[in-house]
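These notes concern the structure reproduced below.
Here, each number is a calculation from the coordinates, and none is a lab measurement. Since we're looking at a predicted model, the values are computed, not measured. Glycine also receives a Cβ, built like all others from the backbone with ideal geometry; neighbour counts cover every protein chain displayed.
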Amino acid sequence: MNETCANGQSRRLVDARFLRSLDAGEKNELEVHLASCGSCTERYRRLQLAERVASIGPERAFEEPSPLEIERIAADLQLLETATDRWSWLFNMKGAFTGLSAAVAIAAAIALFVIARPPQETLTERGGVEQRAATFSLFVIGADGAIRPYAEDAALKSSELIKLRASWSGVSPTHVAVAIVDASGAVRIAQLGAPKGAATGATIPGAIALAGSSAGDALAYVIASESAIDENMLRAAIAVKPNADVLRDSLKVLAVDRRVLHIAETATE
Amino acid sequence: MIFLENRELLDRFRRGDKQALLETYRFYVRDVSRFLTRGFSFDSDGKGCSFRGFRGGYEIEAAIQEVFRRAFEERARLAYNGIDPYRPYLLRIARNAVINDLKSRHPILFRFRVGRPVIIETTPEMDIDENVSAERTPEELLETREVSELVAAFKAKLDARSLDVFRARFEEGLSAEEAAKQLGLTRSKVRTSESKMRAAFLEHMQRSGYLTTYKQGGGDATRGIAAAMIVLLSSWSLS
């Protein structure tokens with residue numbers, strides 16, 4: 001069977017969608033591919049139609065989803081626990097085994113499974129945790145140039161700018177990006193410079209302008225990475241307004257911080 | 001109508017209880033799918049317009065997901081008054097999601113078009129709430145007939161247990177646990193049988209040629225989106 005599509009890319013995820021649960025990263029990768037590949041979107045349509053005809057018959061197949069499709073969408077909405085969710089605590093431990101040999105790491109994983117305790121707690125007791133985290137403080141630069149800390153409930157004006165300061169441990173981000181999805185769904189992305197300063201915290205060069213954003217609640221994602229962040233992949237990933245953990249895993253970056261910005265009024269352009 | 005008959009469910013729904021959201025989703029998902037597939041009429045800047053509906057594929061799944069994601073946001077849950085029927089409220093969310101996306105410079109729902117552009121037609125005066133029933137083209141009817149024959153050929157080759165699992169999971173939509181209970185099997189056996197069957201079904205459809213050689217259609221999704229934007233920008237005044 002030819003495993004690549006007309007664009008020379010793998011059809012693996014298109015087929016996998018109908019065979020098993022996809023994790024968040026795989027689903028994002030699939031969406032990014034389908035948004036640009038007519039050959040695979042057509043294959044997906046045919047597989048979906050075949051599944052529907054097999055399940056609910058040809059008369060209803062054009063308008064109604066099949067039971068398995070209903071289940072898939074429910075999982076996408078995070079209303080169902082998938083097989084991937086059930087084992088995610090085990091898969092997420094890979095960063096915590098720094099300094100241990102592979103054999104000891106496997107034994108520790110089995111021991112944790114048997115003990116059935118939250119793995120993070122156990123690893124902390126054993127001193128084996130490498131804390132990897134990055135957090136951000138937001139500051140607002142007013143139209144008059146005055147700087148103030150951003151308060152969660154405060155309303156922002158679109159004439160203002162957002163400035164970031166990052167703190168981190170166990171990681172060294174070299175790239176920081178900010179993506180804002182405003183109330184109308186419009187996306188803007190700013191790639192900021194590498195943080196400069198102390199080993200555990202620094203001000204991020206540059207600032208993010210809010211001009212042009214629709215009034216209402218906007219979602220701001222601050223992404224720290226060890227490599228350049230693919231803007232197209234980021235744009236596709238945040239279109240569905242994922243939570244921070246899902247975005248971090250799907251982009252395979254160091255850390256993601258998600259905030260809600262209340263934009264009170266729009267400036268005329 | 002589930003909320004009118006079950007106030008306890010409504011309370012849990014308003015609180016964002018996941019089981020309540022799941023129950024609501026399962027009750028209304030087919031209605032939303034039919035609505036999005038059939039399309040609808042709407043008014044834009046005084047002009048009557050008609051959206052022809054989604055045509056299947058990933059775009060309809062993404063659209064259904066987006067509608068329920070919006071409907072299950074806290075603001076939307078609390079804005080529902082609990083007295084009027086929920087279905088029209090939900091379909092209004094679906095309608096607004098589509099109309100807003102049609103006007104957006106960065107569409108979300110129409111990223112996955114299968115070649116054909118989004119067609120917005122100005123129509124003679126129509127009832128603004130009318131949900132137009134989308135007619136099937138002869139090609140679409142022929143395609144479903146072909147697929148039906150392929151499916152029948154696949155099912156004819158299944159052994160008795162596989163057929164039981166097929167009916168329980170594919171047709172009745174039972175969970176693996178429910179199917180296991182009904183069939184007197186372990187959940188693990190149901191899962192294994194289903195997994196093999198899904199792979200065999202995919203292989204069957206691939207070997208039949210349906211997935212690759214049946215009807216050269218589809219086209220380039222990016223061209224489809226570009227064409228959609230041209231249709232929209234030329235016929236609308238974006239406010």
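The alpha carbons of the stretch B:7-121 stretch over 44, 32, 24 Å along the principal axes, in descending order. The Kirkwood radius of the stretch B:168-207, taken over pairs of alpha-carbon atoms, gives through the Stokes-Einstein law at 4 °C and 1.567 mPa s a diffusion coefficient of 123 µm² s⁻¹.
Separation of the alpha carbons by more than 32 angstrom is noted, of A:K157/B:K47; A:K27/B:K103; A:K252/B:K181, for A:K157/B:K47; A:K252/B:K181. Applying 1/(1 + (r/R0)^6) with r as the Cβ-Cβ distance of B:L141 and B:K18 and R0 = 51 angstrom yields a FRET efficiency of 0.80.
Its Kirkwood hydrodynamic radius, worked out from the mean inverse distance over all distinct Cα pairs, puts the stretch A:27-86 at 12.8 Å.
Among B:T144, B:T212, A:T41, B:T186, which comes first, second and so on when ranked by fewest other beta-carbon atoms within 10 Å?
Numbers: B:T144 19, B:T212 15, A:T41 27, B:T186 11.
In order of increasing Cβ crowding within 10 Å: B:T186, B:T212, B:T144, A:T41.
The label-point distance for B:K47 and A:D230, in a model that sets each label 7 Å from Cα toward Cβ, rounds to 3.8 nm. Restriction of the GluC sites (Glu not before Pro) in the stretch A:1-80 to DSSP coil positions whose beta-carbon has at most 16 other beta-carbons within 10 angstrom yields A:E3.
Fewest-first ordering of B:T192, B:T24 by other beta carbons within 10 Å of each residue's beta carbon gives B:T192, B:T24.
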